[in-house]
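Derivation of every value follows stated rules applied to the coordinates shown; laboratory data play no part. This one's a predicted model, so the numbers in the text were calculated from it and none came from an experiment. When we count neighbours, we look across all protein chains shown, and the Cβ atoms used for this are built from the backbone with ideal geometry, even at glycine.
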Amino acid sequence: MTEELITRLRSEVAGPVLTPGDEGYAEELSGFNLAVTHTPDVVVGLTSEDDAVAVVRAAAETGTPVRVLATGHGIPNPMQGGIVVTTTRMTGVSVDAEAQVAHIAAGSRWAEVVAAAAPHGLAPVTGASDVVGCIGYTLGGGLGPLARTYGFSSDWARSFRIVTGSGELLTASTTENPDLFWALRGGKGGFGIVTAMDFGLVELGTLYGGSVFFDAEHIAAVFGTWAGWTKTLPEAANSSVVILRLPPLEFIPEPLRGKTVLSVRFAYVGDAVQGQRLFRPIREAGTALIDAVGEMPAGDIALIHNDPKDPTPSWDRGMLLDELDAEFVTTFLDVVGPEQQVPLIAVEIRHLGGATERDVPEGSAVGGRSGACTLTMIGVPDPNLFEKVLPATVDGVLAKLGPWVCTETSVNFAGGFALPGSYEASWPAETFARLTDIRAAYDPDRLFPFGPRQENSGS
Ligand SMILES: Cc1cc2nc3c(=O)[nH]c(=O)nc-3n(C[C@H](O)[C@H](O)[C@H](O)COP(=O)(O)OP(=O)(O)OC[C@H]3O[C@@H](n4cnc5c(N)ncnc54)[C@H](O)[C@@H]3O)c2cc1C
């Protein structure tokens with residue numbers, strides 16, 4: 001990268017422009033996954049849409065690739081060379097309660113939106129964790145704890161502001177640049193820098209939900225019950241199940257510390273008495289170590305999964321499943337059940353269907369509507385295991401579970417596109433082809449790399 005380009009960025013951008021060796025360079029590039037160190041030629045901290053336009057225009061003139069870093073929850077491999085822009089300074093959420101829409105700036109996390117919406121009796125359709133970034137999450141579709149009831153989060157996007165690869169600042173909505181809007185609702189990357197998003201909110205004050213934990217001896221019975229029970233649930237009832245191998249550390253609540261446990265998570269949109277009735281078969285399937293399911297404010301939704309908030313080394317791989325039948329239950333327990341020694345801290349299945357199967361009337365690019373469930377395997381957070389041990393472990397599990405794995409996946413769950421073909425498999429073939437055409441139209445010089453080989457390399 002030329003000195004000339006860096007000098008130009010420093011004169012045209014209000015935010016910091018940092019190169020390797022500059023104070024603050026490493027901090028600007030740090031994110032959720034501590035196992036990843038990014039080394040671009042320059043990192044630019046965006047403060048406004050004008051900054052984003054200036055960076056893209058300067059990059060376009062020199063053919064320099066540009067990548068976007070928000071919270072770092074979704075970039076599993078180092079970004080090397082080129083320009084990285086960070087969005088952490090572009091925060092702020094405002095709510096139009098009458099229109100039931102939140103205006104969300106590029107760097108905002110879900111917790112901000114939840115807090116801004118709650119006083120109006122409204123809620124965003126979020127993911128499990130409220131510290132994930134709203135834009136990166138929604139660009140990948142987004143499947144959260146209320147997905148069966150309300151669908152993919154991208155179904156709730158109303159418009160995006162974006163600086164495209166051509167350096168233009170555009171609005172994408174059903175009425176303006178509708179092809180780009182279609183692509184941004186689930187097409188993930190390779191279009192430009194999104195500077196803001198308008199996002200529809202649902203009327204939701206309380207839920208009947210939470211999580212219940214069972215000791216190893218109850219896992220087979222509760223998991224078998226859960227798999228059958230999901231087939232009886234209405235769309236208003238959402239649930240997931242996870243086998244956790246928890247370390248013997250102080251911060252883990254005492255009844256769970258050092259144990260292999262199964263947690264069933266539940267989120268029912270409706271009356272608490274009915275929610276309690278629906279959840280009864282799970283409570284009756286085993287004796288709980290902790291039962292934290294009850295009426296809760298919708299604003300506490302992140303407590304259902306209780307995902308880690310602090311940065312940590314992280315490795316995961318995910319996919320979708322076609323169905324959960326009795327043979328799947330037996331095979332699943334044979335490969336990752338409590339008797340097995342596997343270096344996986346969490347193996348999670350989320351029940352989909354309902355609203356996740358239905359596209360929005362105007363259509364959207366999101367992949368994964370055909371999946372019945374998600375399956376995610378999260379490795380022990382030891383980077384020494386990331387290169388060989390965890391991929392081999394997951395390959396071994398999939399050798400047995402392969403017959404139930406869906407051909408389509410969801411890009412937010414693909415775990416860093418680690419498998420050949422898994423990026424493309426995040427969309428049906430005709431959707432992938434249309435996304436390629438739309439990228440060519442809005443980023444003709446391929447300034448914004450995307451996909452398995454190009455996502456993380458500056459060359
Ligand atoms: C603990 C945890 C919990 C999660 N829970 C869920 C869940 O419940 N449901 C679900 O669907 N996913 C979930 N995810 C996956 C998550 O949604 C994706 O990893 C998502 O990409 C994170 O976006 P981010 O902006 O926070 O992260 P980043 O790593 O900063 O960004 C990821 C990608 O998003 C794109 N991006 C971000 N901001 C912009 C922007 N302004 N303009 C253009 N592109 C942008 C870029 O391509 C970037 O490479 C979870 C991940 C973790 C680690």
Legend entry - Expected-Rg normalisation [2.2 N^0.38 Å, Cα atoms] applied to the chain: 0.96
Inset, instruction - Quote the charge dipole size of the stretch 206-418 about the Cα centre in Debye, to the nearest 20; the model charges only the Cβ of Lys and Arg (+1) and of Asp and Glu (-1). - result: 100
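Taking 8 Å as the Cα distance limit and 6 or more residues as the minimum spacing, I'd like the relative contact order of the stretch 206-418 as a percentage.
Once normalised by length, the contact order is 27 percent.
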Inset, instruction - Taking the chain as the reference, fit the longest principal axis to its C-alpha atoms, fit the long axis of helix 429-442 to the helix C-alpha atoms, and give the angle between the two in degrees, 0 to 90, nearest 10. - result: 30
Legend entry - Length-normalised contact order of the chain in % [C-alpha pairs under 8 Å, at least 6 apart]: 18
Legend entry - the stretch 3-86: relative contact order as a whole-number percent, Cα under 8 Å and 6+ apart: 36
Legend entry - Helix axis angle, 3-12 relative to the chain longest principal axis, alpha carbon, degrees: 80
Inset, instruction - Using a cut-off of 14 Å between beta-carbons, work out the net charge of the residues near A123 (Lys and Arg +1, Asp and Glu -1, A123 not included). - result: -4
Inset, instruction - May I ask you to sort E254, E424 by Cβ crowding, counting other Cβ atoms within 10 Å and putting the fewest first? - result: E254, E424
Legend entry - Distance from the stretch 183-257 to the stretch 79-121 (C-alpha centre basis), Å: 22
Inset, instruction - Counting other Cβ atoms within 10 Å, keep those with at most 15, restrict to DSSP loop, and tell me which trypsin sites (Lys or Arg not before Pro) in the stretch 251-289 are left. - result: R257
Inset, instruction - Express in nm, to one decimal, how much length is gained between E430 and Q340 on full extension, taking 0.36 nm for each residue of separation and deducting their alpha carbon distance. - result: 28.4 nm
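If each DSSP helix of 4+ residues adds -39,500 (n - 2.57) and the sum is divided by the residues in the chain, what number results at 222 nm, nearest 500 deg cm²/dmol? Walk me through the numbers on the way to the answer.
Numbers: 12 runs with 116 residues, N = 459.
One gets -7500 deg cm²/dmol as the mean residue ellipticity at 222 nm.
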